[in-house]
Every structure is written in C-alpha cells, then in structure tokens.
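In what follows, a structure is listed as structure tokens, so that the remarks can point back to it.
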Amino acid sequence: MEVASDVVIFLVRSVLMLFLIFVLLRVLLQVARADFYNPISQAIVKVTNPLLKPLRRIIPGFGGLDMAGILLAVLIQILAIIILLALRGLGMPPIANIIAWGGLGLIALILDIYWIAVLVSIVASFIAPYSDHPALTLIRQVTEPVLAPWRRLLPAMGGLDLSPILFFLALGVCEILLYSAARSIGVPGSLVLGF
C-alpha cells in the first residue's frame, strides 16, 4: 500500500509543480517584457488563463508586476503543501509556517528556472548562435534582464561573454542563503515545491 501512496504523492506533486512552473514562467515573461506573440508564450497564457483571468479582475498589476500571477503562485504552493501534508498523513502546522515555506519554495523555484534558462542560453550560443527558434528567442528575452547588469561589470572580452559566470556565482550565494533560511524555519523539503 505504501508504494501506491508514493505514486499518488509523486503524481500530485508533479502536476502541481508543472502548473506552478507555468504560472511563474508567465510572471517572469511579463517582468522581462518577452514577446507575447511567441508560440510558447501563447501556450503558457492558454494554460494559466483559466485560473489567472478571474484573479486579474480582482487584483490589478502593480509596478509592472503581475500581482494576480504572484498571488496564484503563492496559492498553488500553499495548496500543494496542504495536499502533500494530508497525503503523507501529517498534521497541519500553523498557517504562518506554510506561508513562509511556500514563499521560500517559490524563490527556490524561480532561481532554478533562471539557472536552467541561463545554462540553455549558454549551450545554445555555442550550438545555434543565430537561431531564431521560438524557445531560444524566449530564453534570451528572459535571461537578458538578469545577465545585463553582470555584462556592465565586465570589460569586453573579444566576443566571449563571461557574465554568466558572475551570474552563477551570485545565484550560488543566493541558494546558500535561501537553503540556510529554509533550514532555520524547518522547511520540509519533500513537501514544498521547489525544494
């Protein structure tokens, strides 16, 4: 029976994680002002619209941030934690703990998204530097805002872009601080999406 419950937990966690990634990607695409008409952007919009559209009627954007998208991501994370706690047969901790765990999990997931996107961008720059594939175009648009500040710190290196190295170092420091904070508040890793 334990195997069946592990399978159910795995499937529930995977589906919730996938939807949460789509919601976070939509928020990050809006922050980066990525091409809305890109086919991948359109797919993300279609997947997230059923839950995001009603929230947008109530919660407006603020300062270029999609507050409805951020709230939806937080709600999905909280719901995932509650469902996974119930499936594991664990008691409910205080709601403040769940909110704190969820927030840290979202930050960890955003860092993972950027880590993967920058890595794919680096590989693509060697394999297909002039490709206009929709996925690569979108990745370049999303990573440009996080890499541009690091490019300004480094002098031109004759066509070699070393800004991702500085970005990965900063990301590593952020992850160490994040995991330290998660340990200090007792985040149960397997129950929080992103950890």
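Read-outs throughout are calculated quantities, based only on the coordinates presented, and are distinct from any laboratory measurement. In this text, all values refer to a predicted model and were calculated from it rather than measured experimentally. With ideal geometry, Cβ positions are generated from the backbone for all residues, glycine too; neighbour counts draw on all protein chains shown.
What ranking do 6, 161, 66 get, fewest neighbouring Cβ atoms within 10 angstrom at the top?
Numbers: 6 12, 161 15, 66 23.
Ascending number of Cβ neighbours within 10 Å: 6, 161, 66.
Fully extended, how many nm does the chain gain between residue 92 and residue 111 (0.36 nm per residue separation, minus their Cα-Cα distance)?
On the way: separation 19, 0.36 × 19 = 6.84 nm, distance 2.75 nm.
My answer for the length gained is 4.1 nm.
If you stretched the chain out fully between residue 157 and residue 190, how much longer would it get, using 0.36 nm times the residue separation minus the C-alpha to C-alpha distance?
On the way: separation 33, 0.36 × 33 = 11.88 nm, distance 4.27 nm.
That works out to 7.6 nm of additional length.
How far is the Cα center of segment 132-149 from the Cα center of segment 1-73, in Å?
Between the Cα centres of segment 132-149 and segment 1-73 lies a distance of 19 Å.
Explain nothing, just compute: Karplus ³J(HN,Hα) = 6.51 cos²θ - 1.76 cosθ + 1.60, θ = phi - 60°, for every residue of segment 143-154 in order, whole Hz, x for Gly and Pro.
Those phi angles translate into 7, 4, x, 8, 8, 4, x, 6, 5, 5, 7, 9 Hz.
Could you work out [θ]222 nm for the chain from helices alone, using -39500 (n - 2.57) per DSSP H run of at least four and dividing by all its residues? Round to the nearest 500 deg cm²/dmol. Don't jump to the answer; show the numbers that get you there.
Values: 6 runs with 147 residues, N = 195.
That comes out to -26500 deg cm²/dmol.
Taking only Cα atoms, what is the 0 to 90° angle, nearest 10, from helix 2-31's long axis to the longest principal axis of the chain?
40 degrees
Under a Cβ-only charge scheme (Lys and Arg +1, Asp and Glu -1), can you give me the dipole magnitude of the chain about the Cα centre, in debye to the nearest 20?
Details: 12 positive and 9 negative charges, 93 e Å.
With Lys and Arg at +1 and Asp and Glu at -1, about 440 debye.
If one puts a single equal scatterer on every Cα of segment 2-191 and applies the Debye formula without solvent, what log₁₀ I(q)/I(0) results at q = 0.11, 0.12, 0.16 Å⁻¹?
Reported log10 I(q)/I(0), two decimals: -0.59, -0.70, -1.14.
Expressed as an acute angle from 0 to 90° and rounded to the nearest 10, what is the orientation of the C-alpha long axis of helix 39-58 relative to the principal long axis of the chain?
It is inclined by approximately 50 degrees.
Would you list 84, 160 from fewest to most Cβ contacts within 10 Å?
Values: 84 19, 160 7.
So the residues, fewest neighbours to most, are 160, 84.
Kindly put 115, 101 in sequence by how many other C-beta atoms sit within 10 Å of each C-beta, fewest to most. Present the calculation step by step, with values, prior to reporting the outcome.
On the way: 115 15, 101 25.
Neighbour counts put them in this order, fewest first: 115, 101.
If I fit a long axis through the Cα atoms of helix 67-88 and take the longest principal axis of the Cα atoms of the chain, what angle between them do I get, 0 to 90°, rounded to 10?
40 degrees
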